[in-house]
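As structure tokens, the structure follows; a few thoughts come after it.
The values are calculated or read from the model by the stated rules, or taken from the named source; none is laboratory data. Note that the structure is predicted; figures quoted are calculated from it, not measured. Virtual Cβ from ideal backbone geometry, glycine too; neighbours counted across all protein chains shown. The accessibility values were calculated without ligands, DNA or RNA, using every heavy atom of the protein model including side chains. Shrake-Rupley method; radii C 1.70, N 1.55, O 1.52, S 1.80 Å.
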Amino acid sequence: GSIPSFASNSELMELTFANNQLSGSIPSFASNFQLFDLYLDSNQLSGSIPSFAGDDMLTNLSLSSNQLSGSIPSFASNTELTFLNLSSNQLTGSIPSFAANTTLADLFLGPNQLSGSIPSFATNTNLQILFLSGNQLSGAIPSFSTNTNLGLLALASNKLSGPVDPSLGTLTNLYAASGLDLRWNALSSTDATLIAFLNSKQAGGDWQGTQTIPVTGLSVSGITETQATVNWTPIAYTADSGSYQVLTAAASGGPYTPFATVTPNKSATSLTVTGLAPGTPYFFTVQTTTAPHANNQNTVLSGQSAELRAVTTGVPQEPAQVPAAGTTALLVFAGLLSTL
């Protein structure tokens, strides 16, 4: 059944209804000023998460493993909040700021359908667990330089991209061999010291082997008047299905146009681009794609590879001459006079 209203129970301090078959929406607890523990996880609750703005004493809130939807409300007024678990629902929208929740130690927000970038947790210096895996988060990893108490940082199975923030190398309290999870994103690093540290904390010991990154070693061969073959060194992560796409531009830096054909998989080493103009310079770059798979619901795109310039053979085509306005009529008139 549904959860009844507890509006009149103003002295209610703890309520645990976890692991049942409760359905319907979560009632308001705005009048329960003394409530500090609320556990409603592992039910069949649906609808949006109500505001807990009036619950000044709220310390532990678990709503995981339900069917909740909509966005995450603000918890800025819940300044005693220590534990928040909203994982395994259908929540959408961006992650709100938790800057006011300086007591927050454990935050579980995945898997859901949250999007946008990861906000800063700079003020949450007590944070020990941050679990954001299994969402649709994109952009770069923010700095965690002030979160030195982190024992678990899980960011796997999103769409995060770019270089790994160097601040992750300062998180020495991450659990050994299991305190970090960056798998199935589009992240990279060229810092050997940082890479070694992250691998020592990564579950499985290898986060790089699951990253959708740009290819390297670009070259062009088989250049003719109308086509060119772009070659590259494929990325290490070929386990899950995906492809490479060549993008072309008339000027360095773009704008780029994707060539319609993509490679059949991520083991491919080249693609022939057709339909080019003779005697014309082109700029090529390559983008890697990993399709949704068992470990990540998202399509993950890499950044673009380094740019390469090539010129097709032959003589450039002269642009067609367009007669000036009225020229056609004059030519026809002149033809008629000549015939007469």
Gly314 meets each of (1) open to solvent by less than 70 Å² (accessible area, probe 1.4 Å); (2) at pLDDT 95 or above; (3) not charged (D, E, K, R) with one exception, condition (2)
Among the candidates Ser221, Ser188, residue that is of a type in the set (Gly, Ala, Ser), over 29 Å from Leu168 (Cα atoms) and open to solvent by 40 Å² or more (accessible area, probe 1.4 Å): Ser221
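One line per residue, one yes/no per condition, for (1) touching a strand residue (DSSP E or B) at 6+ places or on another chain (Cβ under 6 Å); (2) aromatic (Phe, Trp, Tyr); (3) modelled with pLDDT of 95 or more:
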site	(1), (2), (3)
Phe33	no, yes, no
Asp41	yes, no, yes
Gln44	yes, no, yes
Leu58	no, no, yes
Ala76	no, no, yes
Phe83	yes, yes, yes
Output for the range 101-124, where each listed residue is open to solvent by less than 10 Å² (accessible area, probe 1.4 Å) and assigned to a strand (DSSP E or B): Leu107, Leu114
Residue among Leu127, Leu132 that alone is surrounded by 14 or more Cβ atoms within 10 Å (Cβ to Cβ), closer than 23 Å to Gln208 by Cα and without any contact (Cβ under 8 Å) to a residue 40 or more places away in the chain: Leu132
Identify the single condition in (1) open to solvent by 70 Å² or more (accessible area, probe 1.4 Å); (2) part of a loop (DSSP other than H, G, I, E, B); (3) modelled with pLDDT of 95 or more that Leu301 does not satisfy, given that it satisfies every other one. (2)
For the condition open to solvent by 50 Å² or more (accessible area, probe 1.4 Å), of a type in the set (A, V, I, L, M, F, W, C) and in contact with a Leu (Cβ under 6 Å, 6 or more places away or on another chain), what is the one hit in Phe17, Phe33, Phe75? Phe17
Checking Gly93 against (1) open to solvent by 70 Å² or more (accessible area, probe 1.4 Å); (2) modelled with pLDDT of 95 or more, the condition it does not meet: (1)
The number of residues in the range 280-298 that are touching a Ser or Thr at 6+ places or on another chain (Cβ under 8 Å), open to solvent by 20 Å² or more (accessible area, probe 1.4 Å) and in a loop (DSSP other than H, G, I, E, B) is 5
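Does Ala203 qualify as being more than 22 Å from the chain's Cα centre (by Cα), among the aliphatic types (A, V, I, L, M) and over 22 Å from Gly139 (Cβ atoms)? Spell out the reasoning first.
Values: more than 22 Å from the chain's Cα centre (by Cα): no; among the aliphatic types (A, V, I, L, M): yes; over 22 Å from Gly139 (Cβ atoms): yes.
Spelling it out, it is not the case that Ala203 is more than 22 Å from the chain's Cα centre (by Cα), among the aliphatic types (A, V, I, L, M) and over 22 Å from Gly139 (Cβ atoms).
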